[in-house]
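**Q** Once you've had a glance at the structure underneath, I'll fire off some questions.
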Amino acid sequence: SRIRFTDPKEIHAAIQESRRLLECLRTHPLFAELDSAERHHEAPYDLPGPYGRGIMDLLYRTPNGWFIIDFKTDEVRSESEAQSAISRGQYDLQVARYAEAVATQLGVQAKTRLVFLNVNNRLEIINL
């Protein structure tokens with residue numbers, strides 16, 4: 001007998017949800033900004049200390065400067081719930097480490113953004 005680790009219905013539902021979130025991103029003005037930018041996806045960084053190594057979702061540059069985006073798939077219903085998720089998950093500290101790494105490794109100050117892909121079925125950008 002074959003062992004299945006994931007139910008095919010769960011796989012299908014996850015694929016459908018991924019498609020929905022990607023379509024939400026694709027139709028948002030942020031997509032056009034990213035499409036025309038110099039982008040570095042899954043950018044690794046290394047800083048001294050216990051939390052010094054990791055991977056940023058996206059580092060990109062536009063004429064307005066450098067930006068760091070960390071995408072979040074937390075299902076929240078409002079911007080206030082997103083703010084609560086930021087506190088709970090310490091997402092603000094996470095992207096601060098990314099910004100420190102960019103400043104240390106590239107010598108530039110990057111603006112940080114959390115992009116919640118599922119705030120009441122829409123995309124929400126939170127500038128930190």
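The values are calculated or read from the model by the stated rules, or taken from the named source; none is laboratory data. If you're wondering where the values come from, they're calculated on a predicted model, not measured in any experiment. Methodologically, a virtual Cβ is constructed for each residue, glycine included, from the backbone with ideal geometry; neighbour enumeration extends over all protein chains shown. Areas reflect the complete protein model, heavy atoms only, side chains present, ligands, DNA and RNA absent. Shrake-Rupley method; radii C 1.70, N 1.55, O 1.52, S 1.80 Å.
**Q** Quick check on this structure: which one of Glu42, Glu23, Glu75, Glu100 is in contact with a Leu (Cβ under 9 Å, 6 or more places away or on another chain), farther than 18 Å from Leu128 by Cα and surrounded by fewer than 16 Cβ atoms within 10 Å (Cβ to Cβ)?
**A** After ruling out the rest, the residue left standing is Glu42.
**Q** Identify the single condition in (1) over 14 Å from Thr112 (Cα atoms); (2) touching a Ser or Thr at 6+ places or on another chain (Cβ under 8 Å) that Ala85 does not satisfy, given that it satisfies every other one.
**A** Unmet for Ala85, out of (1) over 14 Å from Thr112 (Cα atoms); (2) touching a Ser or Thr at 6+ places or on another chain (Cβ under 8 Å): (2).
**Q** Residue by residue through region 20-74, note down the ones that are in contact with a strand residue (DSSP E or B) (Cβ under 7 Å, 6 or more places away or on another chain) and either β-branched (Val, Ile, Thr) or more than 17 Å from Thr112 (Cα to Cα) (or both).
**A** If the condition is that a residue be in contact with a strand residue (DSSP E or B) (Cβ under 7 Å, 6 or more places away or on another chain) and either β-branched (Val, Ile, Thr) or more than 17 Å from Thr112 (Cα to Cα) (or both), then Leu21, Cys24, Leu25, His28, Asp46, Gly52, Arg53, Ile55, Ile68, Ile69, Thr73, Asp74 are the ones that fit.
**Q** Any residue in region 14-33 that's over 22 Å from Arg61 (Cα atoms): show its pairings with residues that are surrounded by 12 or more Cβ atoms within 10 Å (Cβ to Cβ) and among the acidic types (Asp, Glu) at Cβ separation under 8 Å, as long as the two are six or more apart or on different chains.
**A** none
**Q** List the number of the failed condition for Tyr45; all other conditions in (1) more than 16 Å from Glu124 (Cβ to Cβ); (2) part of a loop (DSSP other than H, G, I, E, B) hold.
**A** (2)
**Q** All but one of (1) open to solvent by 80 Å² or more (accessible area, probe 1.4 Å); (2) at pLDDT below 95 hold for Gly54, so report the exception by its number.
**A** Answer for Gly54: the failing condition is (1).
**Q** Also, I was wondering about something else. Please identify the pairs in which a residue from region 91-104 that is in contact (Cβ under 8 Å) with a residue 24 or more places away in the chain has its Cβ atom under 7 Å from the Cβ atom of a residue that is of a type in the set (Gly, Ala, Ser), counting only partners at least 6 apart or on another chain.
**A** Ala99/Ala110; Val102/Ala110
**Q** If I filter region 103-128 down to residues being among the β-branched types (Val, Ile, Thr) and over 21 Å from Gly54 (Cα atoms), which single residue comes out as surrounded by the fewest Cβ atoms within 10 Å (Cβ to Cβ)?
**A** Ile125
**Q** Let me ask something else. Can you find a residue that is within 15 Å of the chain's Cα centre (by Cα) and at positive phi anywhere in region 65-88?
**A** No, because not a single residue in region 65-88 is within 15 Å of the chain's Cα centre (by Cα) and at positive phi.
**Q** Answer yes if at least one residue in region 81-104 is touching a helix residue (DSSP H, G or I) at 6+ places or on another chain (Cβ under 8 Å), in a helix (DSSP H, G or I), of a type in the set (Val, Ile, Thr) and modelled with pLDDT under 95, and no otherwise.
**A** Yes, some residue in region 81-104 is touching a helix residue (DSSP H, G or I) at 6+ places or on another chain (Cβ under 8 Å), in a helix (DSSP H, G or I), of a type in the set (Val, Ile, Thr) and modelled with pLDDT under 95.
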